[in-house]
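The values are calculated or read from the model by the stated rules, or taken from the named source; none is laboratory data. This structure is a prediction, so every number in the text was calculated from the model and none was measured. Every residue, glycine as well, gets a Cβ built from its backbone with ideal geometry; the counts of neighbours run over all protein chains shown. Heads up: the accessible areas ignore ligands, DNA and RNA and are worked out on the full protein's heavy atoms, side chains in. Shrake-Rupley method; radii C 1.70, N 1.55, O 1.52, S 1.80 Å.
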Amino acid sequence: MKYTEEISNNLNELLIKNYDAEKGYKHAAENVSSHTLKHFFERMSSERAEFARELKTEILRYGEEPEDSGSFKGVVHRNWMTLKSLFLSNDEEAILEEVIRGEEKSLESYFNILRERNLPASTDALLFKQKTAIQTTINSVKKQEELVS
């Protein structure tokens, strides 16, 4: 399949979401007292950084320009998490709920792009792998939330 500017724009949207998720997970790790959750959030931050590197590589492979930072919405979301954590005394359940909400939004973006079916095979495989990992993360966070509540 032919790589188009539309595909590049979609991948850049995912790239920004992964930058935001990486930063959000770092922030979450800083705002929990549970060592298990802290380690989990640090691992997820690293995973999202890797997703961003993979997406940048894919965008560059086709001669397009990748975005270089997170979005304004991501900053607003992280700031909201900061405010919420201050008022809730770093309520781990609330942080987990925000993580689930953010990951479900990311997952929705992956589904929308994969649904187009006009992606090069390498891009399709990369996005499917990342989408599957995000779904696994959502399931893990939901289990963590049950343990905390």
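At a glance:
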quantity: Enumeration of residues in the stretch 37-50 that are touching a residue at least 40 places away in the same chain (Cβ under 8 Å) and open to solvent by 10 Å² or more (accessible area, probe 1.4 Å); calculated: Phe40, Met44, Glu47
quantity: Residue under evaluation Glu146, criteria (1) within 20 Å of Glu30 (Cβ to Cβ); (2) outside any loop (DSSP other than H, G, I, E, B); (3) modelled with pLDDT under 90, criterion not met; calculated: (1)
quantity: Residues of the stretch 104-129 satisfying the condition of being among the hydrophobic types (A, V, I, L, M, F, W, C), touching a residue at least 12 places away in the same chain (Cβ under 8 Å) and farther than 15 Å from Ser8 by Cβ; calculated: Leu107, Phe111, Leu114, Ala121, Phe128
quantity: Residue in the stretch 25-35 that is farthest from Ser106 (Cα to Cα), counting only those that are open to solvent by 90 Å² or more (accessible area, probe 1.4 Å) and assigned to a helix (DSSP H, G or I); calculated: His35
quantity: Residue list for the stretch 10-24, restricted to those being open to solvent by 50 Å² or more (accessible area, probe 1.4 Å) and in contact with an Asp or Glu (Cβ under 9 Å, 6 or more places away or on another chain); calculated: Glu13
quantity: Complete set of residues in the stretch 46-65 that are at pLDDT 95 or above and either in contact with an Asp or Glu (Cβ under 7 Å, 6 or more places away or on another chain) or small (Gly, Ala, Ser) (or both); calculated: Ser46, Arg48, Ala49, Ala52
quantity: For Ala121: the one exception among (1) more than 17 Å from the chain's Cα centre (by Cα); (2) at pLDDT below 90; (3) under 20 Å from Ile7 (Cα atoms); calculated: (2)
